[in-house]
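Report on the structure given below.
The values are calculated or read from the model by the stated rules, or taken from the named source; none is laboratory data. Note that this is a predicted model, so its numbers are computed, not measured. In this analysis, Cβ positions are derived from the backbone assuming ideal geometry, glycine residues included, and neighbour counts consider all displayed protein chains. Side chains included, ligands, DNA and RNA excluded: accessible areas come from the protein's heavy atoms. Shrake-Rupley method; radii C 1.70, N 1.55, O 1.52, S 1.80 Å.
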Amino acid sequence: MVAVVRSGQSRSTLHDMSSHGERVERVWEVFRQEDEGDPMIHSGNVNAPDEELAIHYAREFYGRRGESHRLWIVPRESVLELDDPDLLKPPLDRSHKKPGGYIIKHKLEAAKARAGEGST
Amino acid sequence: MTVATDEIPLDQPARDALAELLLTVADDEFVIGFWDSEWTGIAPMLEEDVATSSIAQDEIGHARALYEVLATLTDDDADRIAFGRDMDGYRHAAMLNHARGDWAFSVARRWLYETADAVRLTALARSTHEPLAQLAGKMRREETYHRMHADAWLRRLADGPPDVQARFAESLAALWPDAQEVFAPLAGDEELQRHGLLPEPMRALHATWQAEVRPVLAPIVGDLPTIAPTTDGRTRRTGDFRWLHGQFTLVSGSEVGATW
Amino acid sequence: MDDADTIQPLNSRPRYAPGDSDAFYAHVGSGGKVEADDWMPDEYRAAVLKFVEMHANSELMGVLPERDWIMRAPNLRRKLALTSKIQDEVGHAQLLYRVAEDLGKPRVQMLQDLLDGKTKFHNVFHYPTKSWADVGIIAWLVDAAAIVSQQALRDSSYAPYARTMKKICWEESVHIMHGRDVVLTLMNGTAIQRAMVQEALDRWWGPLMQMHGPPTDPAKDKDLHWGIKAKNNEQLRQEFLSIYVPRIRELGLTIPDAALAHDDVSGRWQYTEPDWAELKSVVTGHGPASQERLDFRRDNFAETQWVRDALLGTATAA
């Protein structure tokens, strides 16, 4: 199976793009940072015809209550998406890459027990 | 040099002049906030609806803060001042007498108002009355957003197709005479000057505003006539405002002494 | 080497291949989530779209009963709170229409279908408002009944909708506080104010009881099976009654249903059967304010069309 990497292109411009309109409504993804130092978290999206109004509307929907420290506003077509499970959740064991892959409980007990016998 | 403190005792004429000044600014914000809040739920696009409503709410918030400064000065209550006067007791500029009209009208009025208010707030931020100066400083920061928004819409309508440009130009031209009244002379102008309560006279602020807006408006609407603010610029009223007054006193005035 | 403990179990949730409806329904039936770009059966897509579209329409129409009172709010704080609340409802409409748009239906078409009476909106928004007390009752009780549904929807199988519901629930909780504050202020006020609240409650109780819809047969409720919604209508109504009947009564208000009582044996509320015929008639556009509101929206939409055309250069944007 070929890995599927999509851009947001397919959904970024709304349907019924007029043949005579050079400007169309676009979708903009909004990421917000709650407090200084926090990660940027995807929070939603707005429709707007251009960058200037996209920024206004992002502020309204994700910042009008003073709830955000920072916003990123990104045209949807700029977002690349990867969701292929063969790439993201490959089936063979990778436990050596995670803390949960190193369970030492039994070995530690055995080592302590041996050390305890030797010291008497 | 003026010392910015409200501990300098003001004599009665100065207090009256300051009270009048505060009332005019507060009433402007109150009335324009009311008209623009009417767009909530019915603006041309959903996203824009939310933006316009925020700006209208900000204006009501500014009005509230100004009424509170006034209430402290005159030993009154902000809600009583805001809701408790007869129609003739309001002191907003004539430009704000009109109903919100269509989108072009509202955009035109907002742009004219925001530019005028910016000039006024810049002066008020240097008032010798400390509570007013501080409040004006905060309001200016919120108004940055309003200016961005008003400018964005001015350009979009002015640069639109010919019929849109025409509609917008018509609104601007219709509003132009009444727009001057943001700078209508105040009875206490001299007192305000003498005490530094208003660092520059209204006519100077008016001139500053004119110099700023004419170059922007000329390409859209042609040369606009020179019109001086008038003595009834803040006292003449219209049927539209009578309707609005009737609306906002409907509940507040329905039962004397009741709390809502 | 004793590595038995180190191997992580594989994710046991069934994955589905595009086109495999059975596996898809097993996935959503067992708590699995769906995103906008995932493959989904047409039936599921249509069901989600219908559900979300009606919700979006309701937020948009829900603005109208309260809008009049923006101009009539009796003091500065109430004016701000009410305008802010209604602004939030418009915001919710946007959030929900966006979810529906990403399922494939353009916003302008949804608005047109609403105005043409082809799609529905919830019953409570088909009734007129008569006094300031209505403002309190709507913000408190109507929003409370709505939030009971909306909290359950935070677990919807359709993930974009679930995420939107989390944001909406948070915002609605503020509205309920505002509504309750308005009602409490009136109840602590004059005799006239208290009577105003009782009168408003008398009018709104019927629509409130109908709001969650008639009990459905869980076996046949597709929205439930597919995880689009997580609780059935009767569960939602019972939940609403459990929380709010005591809160209404403790203010000294009388609920206009003599049969309303909690059966301690069954743990359920008994009540006079709501008029389901009225509900059906209302949501199909025959409510007391249905046509007036749709007319209003139609006029407003036509009146503002030039702005959308100017901004977007097309006659199809909204």
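Name the single residue, out of those in the range C:190-204 being within 11 Å of chain B (Cβ to nearest Cβ) and touching a residue at least 60 places away in the same chain (Cβ under 8 Å), that is least open to solvent (accessible area, probe 1.4 Å). Residue satisfying both the conditions and the ranking: C:Gln193. Against the conditions (1) touching an Asp or Glu at 6+ places or on another chain (Cβ under 7 Å); (2) crowded, with 21+ Cβ neighbours inside 10 Å; (3) within 28 Å of C:Arg249 (Cβ to Cβ); (4) away from chain B (no Cβ under 14 Å), C:Ile176 satisfies every one except (2).
Can you pull out every residue in the range C:143-172 that is of a type in the set (Gly, Ala, Ser) and within 14 Å of chain A (Cβ to nearest Cβ)?
Filtering the range C:143-172 down to residues of a type in the set (Gly, Ala, Ser) leaves C:144-146, C:149, C:152, C:156-157, C:159, C:162.
Within the range C:143-172, C:Ala159, C:Ala162 meet the criteria.
Within the range C:238-249, not a single residue is of a type in the set (Lys, Arg), away from chain B (no Cβ under 14 Å), closer than 23 Å to C:Val282 by Cβ and open to solvent by 20 Å² or more (accessible area, probe 1.4 Å).
Is it the case that B:Gly84 is within 11 Å of another protein chain (Cβ to nearest Cβ), more than 14 Å from B:Leu197 (Cβ to Cβ) and crowded, with 23+ Cβ neighbours inside 10 Å? No: the conditions fail for B:Gly84. I want to confirm something. Restricting to the range C:33-91 and keeping residues that are basic (Lys, Arg) and more than 7 Å from every other protein chain (Cβ to nearest Cβ), which single residue is least open to solvent (accessible area, probe 1.4 Å)? Per the criteria, the residue is C:Lys85. Quick check on the range C:247-254. Is at least one of its residues in a helix (DSSP H, G or I), touching a residue at least 24 places away in the same chain (Cβ under 8 Å) and among the hydroxyl-bearing types (Ser, Thr, Tyr)? No, the range C:247-254 contains no residue that is in a helix (DSSP H, G or I), touching a residue at least 24 places away in the same chain (Cβ under 8 Å) and among the hydroxyl-bearing types (Ser, Thr, Tyr).
Being open to solvent by 70 Å² or more (accessible area, probe 1.4 Å), modelled with pLDDT of 95 or more and not in a loop (DSSP other than H, G, I, E, B): is that true of A:His96 here? Break it down into steps so the answer makes sense when it comes.
Working: open to solvent by 70 Å² or more (accessible area, probe 1.4 Å): yes; modelled with pLDDT of 95 or more: no; not in a loop (DSSP other than H, G, I, E, B): yes.
Answer is no for this residue.
Of the residues making up the range C:111-124, those that are closer than 13 Å to C:Arg297 by Cα and not in a loop (DSSP other than H, G, I, E, B) number 5. Within the range B:141-160, is even one residue closer than 30 Å to C:His92 by Cα, touching a residue at least 24 places away in the same chain (Cβ under 8 Å), surrounded by 20 or more Cβ atoms within 10 Å (Cβ to Cβ) and at the interface with chain C (Cβ under 9 Å from one of its Cβ atoms)? Within the range B:141-160, one or more residues are closer than 30 Å to C:His92 by Cα, touching a residue at least 24 places away in the same chain (Cβ under 8 Å), surrounded by 20 or more Cβ atoms within 10 Å (Cβ to Cβ) and at the interface with chain C (Cβ under 9 Å from one of its Cβ atoms).
From the list B:Gly196, B:Gly188, B:Gly233, B:Gly239, which one is modelled with pLDDT under 95 and not aliphatic (A, V, I, L, M)? Walk me through how you get there before you give the answer.
Working: B:Gly196 fails: modelled with pLDDT under 95; B:Gly233 fails: modelled with pLDDT under 95; B:Gly239 fails: modelled with pLDDT under 95.
Just one listed residue meets the conditions, B:Gly188.
From the list C:Leu95, C:Leu111, pick out the single residue that is open to solvent by 10 Å² or more (accessible area, probe 1.4 Å), more than 26 Å from C:Leu236 (Cα to Cα), within 18 Å of the chain's Cα centre (by Cα) and within 14 Å of chain A (Cβ to nearest Cβ). Only one candidate passes the filter, namely C:Leu111. Residue-level analysis places B:Phe183 outside the set of residues that are open to solvent by less than 10 Å² (accessible area, probe 1.4 Å), farther than 21 Å from A:Ile55 by Cα and within 14 Å of chain C (Cβ to nearest Cβ). Regarding A:Leu108, is this residue surrounded by fewer than 11 Cβ atoms within 10 Å (Cβ to Cβ), more than 30 Å from A:Ala48 (Cβ to Cβ) and either aliphatic (A, V, I, L, M) or within 11 Å of chain C (Cβ to nearest Cβ) (or both)? For A:Leu108, the condition - surrounded by fewer than 11 Cβ atoms within 10 Å (Cβ to Cβ), more than 30 Å from A:Ala48 (Cβ to Cβ) and either aliphatic (A, V, I, L, M) or within 11 Å of chain C (Cβ to nearest Cβ) (or both) - is met. Are any residues in the range C:56-110 farther than 30 Å from B:Asp240 by Cβ, part of a helix (DSSP H, G or I) and of a type in the set (A, V, I, L, M, F, W, C), and if so, which ones? Across the range C:56-110, the qualifying residues are C:Ala56, C:Leu95, C:Leu96, C:Val99, C:Ala100, C:Val108, C:Met110. Contact map, the range C:215-234: residues that are of a type in the set (Val, Ile, Thr) paired with residues that are assigned to a loop (DSSP other than H, G, I, E, B), Cβ distance under 9 Å, separation 6+ or inter-chain. Pairs shown: C:Thr216/C:Asn232; C:Ile228/C:Ser156; C:Ile228/C:Ser157.
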